[in-house]
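The values are calculated or read from the model by the stated rules, or taken from the named source; none is laboratory data. Computed from a predicted model, the values in this text were never measured in an experiment. As a convention, Cβ positions derive from the backbone with ideal geometry for all residues, glycine included, and neighbour counts pool all protein chains shown. Quick note on the areas: whole protein, heavy atoms, side chains included, nothing else; ligands and nucleic acids left out. Shrake-Rupley method; radii C 1.70, N 1.55, O 1.52, S 1.80 Å.
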Amino acid sequence: MSDLITLTIDGVEVSVAKGTRIADAAKRIGNDIPVFCHHPKLEPVGMCRMCLVEVGLPVRDRATGALLTNADGSPQLNFGRGLQTACTIQVSEGMVVRTATEPVLEARKSVIEFLLTSHPLDCPICDKGGECPLQNLTMAHGVGQSRMHFGDKLKLDKHVPLGDLIYLDRERCIQCARCIRFQEEVVDDPVIRFHNRGRSLEIVTLSDPGFDSVWSGNTTDICPVGALTTADFRFGARPWELTPVASICPHCPVGCNTTMSTRREAMANGRTVIKRIMPRQNEAVNEIWICDKGRFVHHFADHANRLTQPLIRQNGKLVETSWGEALDFVAGKLQIDAHMVAGLAGARLSNEDLFAFQRLFRDGLKSQNIDLAKRRLAGGDVAAQVGLSSGSNLKDLGKGDAILVVASDLHDEAPVWWLRVKQAAERGATLVVANARATRLDAFAAFSLHYEAGQALATVNQLVSMAKVETDTAVTNDIVSAAEALFKAENLVIFYGSEGLAYDETDALAKLLGNLLLIENGHKHAGRVNNGLVPVWPHNNTQGAWDMGVHPAYAPGYKPVKEAGLDATAVYAAVANGDLKALYIAGADPVGDGLMPDRGKLDFLVVQELFLTDTAVLADVVLPAQSWAEREGTFTTGERRVQRYYPAIPVVGQSRPDWQILAQIGERVGLGKPAFAASLTFKDVARIVPQYKGMDYRTLAQVEKQWPDVGGEDLYYGGNAYENRSGLGQQWPVTAEKSAVAHFDVPTVKTGRKDGLQMMWTAVLYAPGTLVDCSDVIAPRKAQPVAALHGTDAARLAVADGDWVEVMVNGTAVQVTVRVDDRAPVGLVLVAGVPWWPGTAVADLKKIVAAALAVN
Amino acid sequence: MANLLLRHRDIPDLHKIDVYRKHGGYEALHKAITEMTPQGVIDVVRSSGLRGRGGAGFPTGVKWSFIPKGPGEKYVVINTDESETGTFKDRELSEKNPHQVIEGAIIAAYSIGAKTIYNYFRGEFMDAGYAMEEAIREAYAAGFLGKNILGSDFSCDFYCHYGAGAYICGEETALINSLQGELGQPWSKPPFPAVEGLYRRPTVVNNTETLANVPLILVNGADWYMSLGTDKSPGVKIVCMSGHVEKPGNYEVELGVTYRELLAMAGGMRDGKKFKALLPSGGSGPVITEKALDAPLTYEGLTPHGSVMGSASVIVMDETTDMVWAALKMLHFFKHESCGKCTPCREGTFWMEKLLHRIYEGHGTPQDVQTLESVANQIGGRTLCALGDFAINPVLSTIKHFPEEYRAKVQGSANGQVKAAARTAVA
């Protein structure tokens, strides 16, 4: 911040960075210049005219350039000819701004009067009423009475669906274009625009389906009136009835900070329910944005199908039982030969749950057979050493820096990372994307390396070895140029995922990329702030699972165990062949996910879940767990930020938090009294896991002033949802920050690729699954099973757009529709909306005639 | 003096390139490219005192000199949006003397280092556009456009673009947005087009008539041009005479003639009626009355009378004109053409039209006239572009000059008071 500019606003001197607009500078000294169209996250446009102020510039002698002074020695000022917009004008040295003069106050009054001439003033039935910038600024600056005859008001449509999720009230719209600008400038989804002109100006959608953007909900947050409302919250509650509860999004590894607005509701028999989810400001994580999945997919927490009581199998049927009976029974059944028992967990559980899970197995049952049910992405151990350094913020990346994204479609796997990577690229960071197919990030990439399916490791290997040696500048292929760009970068952040890769390939990939970060060519990357590796984990708390030691080879804190247990793949094999007698599954559905066909030769299966999943129906005991909305806990993001969430709704039935259930079973196998609260379990975590040392629920709840200030006391940036009063979380430091890290030995991996047309699973945001299926509001956007393939492949296979074909997914035949899309690479079929499978497989597409279509 | 811009009136078939060349056409371009540096061209245009003929009157040479030197794309955009009420000069130039405009534009492109010229026509100007396009084809064939013009290393292409018919697209930034395929809305300056214009590159936007002057200046010199017109407003201007005159049409005059002389030129008042008022700049300038008729047609001439020359589209009104009706007509136009981007113009013009319509219909009250005036003043000086200021001019100036006509309307309304009282103003 060397380029500081000093100006005076209403007699108060303030120094701000060059390029700052007057309105933002005023905000720094608590002077709220009212605005409607302006938003600090958007480019200024100066169209609402609410922020008009008087701007004086020091007068200089034309010949000498010297500042002219008045008789009293004060600088001469030229206030121009009229009022100017504080949101568009950049500060300059010696500028004097007046925001409280008669003309300024009069201008504010008149703009408010103008805005209200066309506004319906239906505040009593408006969703925004109570947290509405127009309402607030009218109270602050309006005259209270209009001179416009009521009959002269324009009447317009009040229920215009822009899409399935967002409705427009044309009467309430004040044409500030915040929504349009957000969609265009911030998220590059320009699917809504102005149409027509003058008083007929209206917002229309250009996409089919309407408002086709995974960011659409954010427009309702930044809308300064009640013109845009969500299908979820619309007419649902008045803002002042709502209680804000801080939470963390449970969907992806970004860990967006959210606020759940809750209310007791007659329709829910007096229960407190979640009425809406909005972003909570965390400038290091999600700033003030969340994707629509995070906003709308929450109804599973309150769903009627939630398990409410422990179930036990009697005479072949699952019947309700008491907790005491269920826990005793489970504890008895698990205390067998430690080699014959195993535990598989889901990566959406909290750190406390996962810690209790591994403790039950390692300390209680003396078994190392624990793993995540879905082994999709390896490298947690690599990230623990060279992961993104603590104190990093993707917002700080720009010119001179580089970002590498390998084998991941960030837009659909971790939307806010996609957004922040895109913005870093727009600020000048060199973006290199390597994948087997084109993704939406390619548009912002300096280099898009599209390798052949199965060639990910070879490509990255080339990239790494290029970066290691001085390259011949005459060679101009993309990999070399990309390697050079990465090599030159001041800061380097690497994201990697598992698209088209088998688990052991992702392990090798992580290590290769770790080595890339360890190469020091002028710039040290590993261990330095704004540098490091970020795994694009498949779930919100896969990072926490690694940290907590839910891994057959690692105890908590990445301590290698003496003798590694069975991993999930081995567990599924053992289930089938009888090498395992008892299996405990917490928060996962391997049967539904196609990873485990049935309960095999198991003697005993216990499932701890929210719903009676495909796995749970096969169990001997089903234990009802609480969702994240009913309790507190912590999740750890892919950037290794440990974040706290808070209980928002009352407990469903007799369900208990996972950590408590596990600890109560632990008590029965000799682990002592269970902790009373999640916070106490977290104390154990902080004691045992070295990386979490010093953290507790108080430190995780600490906040500090964040800029831009969009959630404070002002009257115009939004409701109460942005403000973060509940914690910014803590990022734990990687090994490389403290000590030297040795290069990783990269294992040789055979791809096992067979010749022929390949097919690869690709992620989609609204993939079908327990959570998405329980949210009716998102139903129209739910991903359908689709196989996208190139026109030449389609021609060869004689399939056309819209045809149904059958593909084998994890040994099960699945029906999918064909989408002929030349963005798919030749020779590779991209399958989405079906259960995940690792790596690539030979695509055996069988066309099905209409008569053979399964009715579903 | 012979016409300089409307030369086609003296020379048949001037729109054809061989005729145009026979009468000195493209000699200025030849001179510029073979004898002058780009900076030399800018210097001559600057010292000629040529100012923008679209209405704003910004010195043309100064505008060109704002374009940053150095590499990278730059653009010349010709503004043939000509949407001001009562303006029809650029249409005649485009249809009948297109080569003079093209030549001027190529010279402008040469001087700023632009390789591309766009001519933005209002959507209704099909005939003018087609005539221009034919002339462009001829210019390409003759080597005045395209690669290596006149054997130099200067290359330039010329494209015509047709808007969808919006007044606001005559404002340079709205024009640029429209040209890019965006909604025709202006942006808040800075950035100025000279720095960030078309496709975010330095851009000169010049009016058609302005560019038609350029070849004359280069051939005859800056001093010759300075000798025309007045000291502060040198040169010639096409005046569009319309309304209640005997002979409406375009008249080319040296700047400095009086409005009274212009009236005489147009054959005087139609049917011998008495003069009442005129709009000197289409709908956008305040009306002037008899008192101001001896003012000169210059950029400064009407300042003492509270009005402007603008694009010199003179709409004349005789004694039969209802000034409230005239104001309503103008206001309706601006309300219809307001782009809707900024609040005061969008909401204000809508509201004002409601008020004025009520007054005109005889249902208004004296309070309505006051409100009308006050709303107008809430627009003035507070809008993003000049359209808001234009919109209030006809209303405020007719209230000022013809208050009795407004009084008559509101007093003539027998039930106006009653109606007004019945209506409740709702906050």
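Data for the structure
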item	result
Any chance residue A:189 is surrounded by fewer than 21 Cβ atoms within 10 Å (Cβ to Cβ) and without any contact (Cβ under 8 Å) to a residue 12 or more places away in the chain	no
The lone exception for residue B:239 - which of (1) over 23 Å from residue B:275 (Cα atoms); (2) open to solvent by less than 10 Å² (accessible area, probe 1.4 Å) it fails	(1)
Top-ranked residue in the range A:284-317 [being without any contact (Cβ under 8 Å) to a residue 40 or more places away in the chain and not in a strand (DSSP E or B); ranked as nearest to residue A:613 (Cα to Cα)]	A:304
Of all residues in the range A:131-153 being touching a helix residue (DSSP H, G or I) at 6+ places or on another chain (Cβ under 6 Å) and touching a residue at least 40 places away in the same chain (Cβ under 8 Å), the one that is nearest to the other protein chains (Cβ to nearest Cβ)	A:141
Test: residue in the range A:156-178 that is in a helix (DSSP H, G or I) and either under 18 Å from residue A:278 (Cα atoms) or not assigned by TED's automatic domain parsing to the domain that holds residue A:766 (or both)	yes
Failed item in (1) outside any loop (DSSP other than H, G, I, E, B); (2) open to solvent by 30 Å² or more (accessible area, probe 1.4 Å), with residue A:543 passing the rest	(2)
Residue satisfying condition, being in contact with a helix residue (DSSP H, G or I) (Cβ under 8 Å, 6 or more places away or on another chain) and either assigned to a strand (DSSP E or B) or farther than 15 Å from residue A:380 by Cα (or both), within set A:557, A:549, A:527, A:514	A:527
In the range A:194-219, residue nearest to the chain's Cα centre (by Cα) [restricted to those that are more than 14 Å from every other protein chain (Cβ to nearest Cβ) and open to solvent by less than 10 Å² (accessible area, probe 1.4 Å)]	A:215
Members of the range B:383-410 found to be among the hydrophobic types (A, V, I, L, M, F, W, C) and within 12 Å of chain A (Cβ to nearest Cβ), listed by number	B:384, B:385, B:387, B:391
Spans of helices (runs of 4 or more DSSP H) in the range B:1-112 with at least 1 residues within 20 Å of the chain's Cα centre (by Cα) and closer than 27 Å to residue B:241 by Cβ	B:60-65, B:89-96, B:98-112
In the range B:346-382, residue most open to solvent (accessible area, probe 1.4 Å) [restricted to those that are part of a helix (DSSP H, G or I) and within 7 Å of chain A (Cβ to nearest Cβ)]	B:354
Some residue of the range A:273-296 being farther than 30 Å from residue A:393 by Cα, open to solvent by 50 Å² or more (accessible area, probe 1.4 Å) and outside the structural domain of residue A:41 (by TED's automatic domain parsing)	no
Some residue of the range A:302-320 being small (Gly, Ala, Ser) and not assigned by TED's automatic domain parsing to the domain that holds residue A:581	yes
Residue list for the range A:173-193, restricted to those being within 14 Å of chain B (Cβ to nearest Cβ) and within 27 Å of residue A:113 (Cβ to Cβ)	A:173, A:174, A:175, A:176, A:177, A:178, A:180, A:181
So residue A:537, is it among the hydrophobic types (A, V, I, L, M, F, W, C), surrounded by 24 or more Cβ atoms within 10 Å (Cβ to Cβ) and assigned to a helix (DSSP H, G or I)	no
Test: residue in the range B:272-285 that is touching a helix residue (DSSP H, G or I) at 6+ places or on another chain (Cβ under 7 Å), part of a loop (DSSP other than H, G, I, E, B) and away from chain A (no Cβ under 14 Å)	yes
Filter pass, residue A:338 being in contact with a Ser or Thr (Cβ under 7 Å, 6 or more places away or on another chain), over 30 Å from residue A:41 (Cβ atoms) and open to solvent by 10 Å² or more (accessible area, probe 1.4 Å)	yes
Which numbered condition residue A:159 fails, given (1) open to solvent by less than 10 Å² (accessible area, probe 1.4 Å); (2) more than 26 Å from the chain's Cα centre (by Cα); (3) away from chain B (no Cβ under 14 Å)	(1)
Count of residues meeting criterion [touching a strand residue (DSSP E or B) at 6+ places or on another chain (Cβ under 9 Å) and of a type outside the set (Lys, Arg)] in the range B:369-410	9
Of the criteria (1) more than 9 Å from chain B (Cβ to nearest Cβ); (2) assigned to a loop (DSSP other than H, G, I, E, B); (3) within 25 Å of residue B:373 (Cβ to Cβ), which one residue A:127 fails	(3)
2 or more residues open to solvent by 20 Å² or more (accessible area, probe 1.4 Å), farther than 23 Å from residue A:409 by Cα and touching a helix residue (DSSP H, G or I) at 6+ places or on another chain (Cβ under 9 Å): qualifying strands (runs of 3 or more DSSP E) within the range A:736-854	A:804-809
Selected residue (criterion: nearest to residue B:153 (Cα to Cα)) from residues of the range B:35-57 that are open to solvent by 50 Å² or more (accessible area, probe 1.4 Å) and small (Gly, Ala, Ser)	B:47
Within the range A:600-678, strands (runs of 3 or more DSSP E) holding 1 or more residues that are over 30 Å from residue A:531 (Cα atoms), without any contact (Cβ under 8 Å) to a residue 60 or more places away in the chain and not basic (Lys, Arg)	A:604-609
Residue ranges of strands (runs of 3 or more DSSP E) in the range A:369-437 with at least 3 members open to solvent by less than 10 Å² (accessible area, probe 1.4 Å) and among the β-branched types (Val, Ile, Thr)	A:402-406
Residue ID - farthest from residue A:814 (Cα to Cα), chosen from residues in the range A:577-635 that are surrounded by fewer than 24 Cβ atoms within 10 Å (Cβ to Cβ), basic (Lys, Arg) and out of contact with any Gly (no Cβ under 8 Å at 6 or more places or on another chain)	A:581
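Here's the yes/no breakdown for (1) in contact (Cβ under 8 Å) with a residue 12 or more places away in the chain; (2) surrounded by 24 or more Cβ atoms within 10 Å (Cβ to Cβ); (3) over 21 Å from residue B:15 (Cα atoms); (4) not assigned by TED's automatic domain parsing to the domain that holds residue B:213:
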| position | (1), (2), (3), (4) |
| --- | --- |
| B:67 | yes, yes, yes, no |
| B:70 | no, no, yes, no |
| B:76 | yes, yes, yes, no |
| B:79 | yes, yes, no, no |
| B:85 | yes, no, yes, no |
| B:105 | yes, yes, no, no |
| B:116 | yes, no, yes, no |
| B:121 | yes, yes, no, no |
| B:130 | no, no, no, no |
